[in-house]
Amino acid sequence: MAQSDTPTPLESRACGPLAGKVRVPGDKSISHRALILGALSVGETRISGLLEGEDVLNTAKSMRALGAKVERTAPFAWSVAGVGVGGFAQPAAPLDFGNSGTGCRLVMGAVAGCPIAAIFDGDASLRSRPMRRILDPLELMGARTSDIMEGGRLPLTLHGARYPVPLTYKTPVASAQIKSAVLLAGLSAPGITTVIEQEASRDHTELMLKHFGAEISSEKEGSHGRRITLNGEPELRGANVVVPADPSSAAFPIVAALIVEGSDVVFSDVMTNPLRTGLFTTLREMGASIEESDVRGDAGEPMAQLRVRASKLKGVEVPPERAPSMIDEYLVLAVAAAFAEGTTIMRGLQELRVKESDRLEATADMLRVNGVKVEVSGDDLIVEGHGHVPGGGLVATHMDHRIAMSALVMGCASDRPVKIDDTAFIATSFPDFIPMMRSLGADFS
């Protein structure tokens, strides 16, 4: 896949101990949802700590295009004056989500419950990603598509339902995006919309819907699943939202602190929602020193201060049922596994194949080119760790921000420098990653 028009390569070299106290950017999942639910509410929503990366800014632009008043009032502080459930206006131009699958798919759900038509589009990476798994349940609720590319891909035109119908839907895979799209469309439908998951996915949409005044409940379904029930046609009310620091973004400097000898780094306000902390659980099983303090919450989301110190890691087996709670973190976990002693087996990673790139193969390639023995067996990733990484490789990022950041983290402790072919896409989720890492002591140039 092509890189950006003017690639900006970067090299990461072994550095001295990382040290300091930082707050990583606001959680991307919460930022998207705060903007969307603020736009679907009556009255004003004030958001502090919003992630101001490209993905979230594109969601903000789409909310403006659909009729909400969205303003930046200060750094990381935003105000949204909503139009109410079902109140979106016909946009005058296509909604361009750039690289953001989350923003695009959630807004599809919100638009599906409104009697309007909207064109959804994105960059080359987003155009390559499947949308049919989102569109299938939305069409069952009364929406329809036209001008759609082969394989259910962007660009496409989504025609919202004039009379949305409630739905009971069993998700085919554990996906917060599918669940959220159905629930957002269900806001406009009379009666009860139910989503059944065999494996529980992250529950940010449910928590935030409740925060904005929706009647929604969640109960266990089977051994690992959830049944989520939403009463349709609520009047959502604007609410204040404090966005916690993103655990998926914190994952990168956390792993760097674990693998660089002598490091001691404190991370403030990190979300500790148990459906998002599979990486922390896994790293602790590997022997990582990660201490929590100052535990508190906002809008139903728990957060804490984390102190992370360099640790001797050992290989572990990560069960497939943990995947939904850490699906975005396997790339940097593979880096930690490469520096561990022993074999790490990560099972059930099929969802990695339909992200910004085929992350499963891309992760294996990132490790191989830097001298790590790795195997992809079906949907499992097997990494043989020997306590160090030879390095010296050039990593193809495939327009994927998480591959870029993972490779740069690997270079912080590898025997030889690690180089990436392009840094451009890091800005989609973590615009200040490079300066933050340098402030802690990383050697990037």
Suppose we filter THR272, THR282 for residues that are free of Cβ contacts under 8 Å to residues at least 60 places away in the same chain and under 20 Å from LEU360 (Cα atoms); which single one remains?
THR282
Show the residue pairs meeting these rules: Cβ distance below 8 Å; 6+ apart or different chains; first residue within region 408-434 and crowded, with 20+ Cβ neighbours inside 10 Å; second residue assigned to a helix (DSSP H, G or I) and basic (Lys, Arg).
SER429/LYS28; SER429/ARG402
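Residues checked against (1) touching a helix residue (DSSP H, G or I) at 6+ places or on another chain (Cβ under 8 Å); (2) in contact (Cβ under 8 Å) with a residue 24 or more places away in the chain; (3) assigned by TED's automatic domain parsing to the domain that holds SER100:
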| site | (1), (2), (3) |
| --- | --- |
| PRO320 | no, yes, no |
| ALA340 | no, yes, no |
| GLY348 | yes, yes, no |
| GLU351 | yes, yes, no |
| MET366 | yes, yes, no |
| VAL376 | yes, no, no |
| LEU381 | yes, yes, no |
| GLY385 | yes, yes, no |
| HIS388 | yes, yes, no |
If MET399 meets every condition in (1) in contact with a strand residue (DSSP E or B) (Cβ under 8 Å, 6 or more places away or on another chain); (2) aliphatic (A, V, I, L, M); (3) outside any helix (DSSP H, G or I) apart from one, which number is that one?
(1)
Considering region 223-233 alone, what residues qualify as being in a loop (DSSP other than H, G, I, E, B) and surrounded by fewer than 19 Cβ atoms within 10 Å (Cβ to Cβ)?
SER223, HIS224, GLU233
Residue in region 241-254 that is polar (S, T, N, Q) and in the same structural domain as PHE430 (by TED's automatic domain parsing) present:
yes
Any idea which residue in region 190-209 is farthest from ASN231 (Cα to Cα), counting only those that are touching a residue at least 60 places away in the same chain (Cβ under 8 Å) and not aliphatic (A, V, I, L, M)?
GLU199
Of all residues in region 317-366, how many are assigned to a loop (DSSP other than H, G, I, E, B), of a type in the set (Asp, Glu) and at pLDDT 95 or above?
1
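Go through the residues of region 42-51 one by one and say whether even a single one is touching a helix residue (DSSP H, G or I) at 6+ places or on another chain (Cβ under 7 Å), surrounded by fewer than 16 Cβ atoms within 10 Å (Cβ to Cβ) and either within 28 Å of ALA257 (Cα to Cα) or not hydroxyl-bearing (Ser, Thr, Tyr) (or both).
No, because not a single residue in region 42-51 is touching a helix residue (DSSP H, G or I) at 6+ places or on another chain (Cβ under 7 Å), surrounded by fewer than 16 Cβ atoms within 10 Å (Cβ to Cβ) and either within 28 Å of ALA257 (Cα to Cα) or not hydroxyl-bearing (Ser, Thr, Tyr) (or both).
Restricting attention to region 130-167, and to residues there that are of a type outside the set (Lys, Arg) and assigned to a strand (DSSP E or B), which single residue is surrounded by the most Cβ atoms within 10 Å (Cβ to Cβ)? Give the derivation first.
Step one: of region 130-167, the residues of a type outside the set (Lys, Arg) are 130-131, 134-143, 145-152, 154-161, 163-167.
Still in the running and assigned to a strand (DSSP E or B): 145-146, 149, 156-159.
Numbers: THR145: 19, SER146: 10, MET149: 12, LEU156: 19, THR157: 15, LEU158: 27, HIS159: 18.
Across region 130-167, the extreme among qualifying residues is LEU158.
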Would you mind finding the one in LYS210, LYS179, LYS170, LYS220 that is crowded, with 24+ Cβ neighbours inside 10 Å and of a type in the set (Lys, Arg)?
LYS179
Boolean, ILE259 is in the same structural domain as HIS401 (by TED's automatic domain parsing), crowded, with 19+ Cβ neighbours inside 10 Å and touching a helix residue (DSSP H, G or I) at 6+ places or on another chain (Cβ under 9 Å):
yes
Within region 61-91, track down each residue that is part of a helix (DSSP H, G or I) and either under 19 Å from HIS211 (Cβ atoms) or outside the structural domain of GLY232 (by TED's automatic domain parsing) (or both).
MET63
Test LEU394 against the stated conditions and say whether it is assigned by TED's automatic domain parsing to the domain that holds ALA251 and surrounded by 20 or more Cβ atoms within 10 Å (Cβ to Cβ).
no
For region 209-236, the count of residues that are closer than 25 Å to SER31 by Cβ and of a type in the set (D, E, K, R) equals 4
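The values are calculated or read from the model by the stated rules, or taken from the named source; none is laboratory data. Quick caveat: nothing in here was measured; it's all calculated off a predicted structure. As a convention, Cβ positions derive from the backbone with ideal geometry for all residues, glycine included, and neighbour counts pool all protein chains shown.
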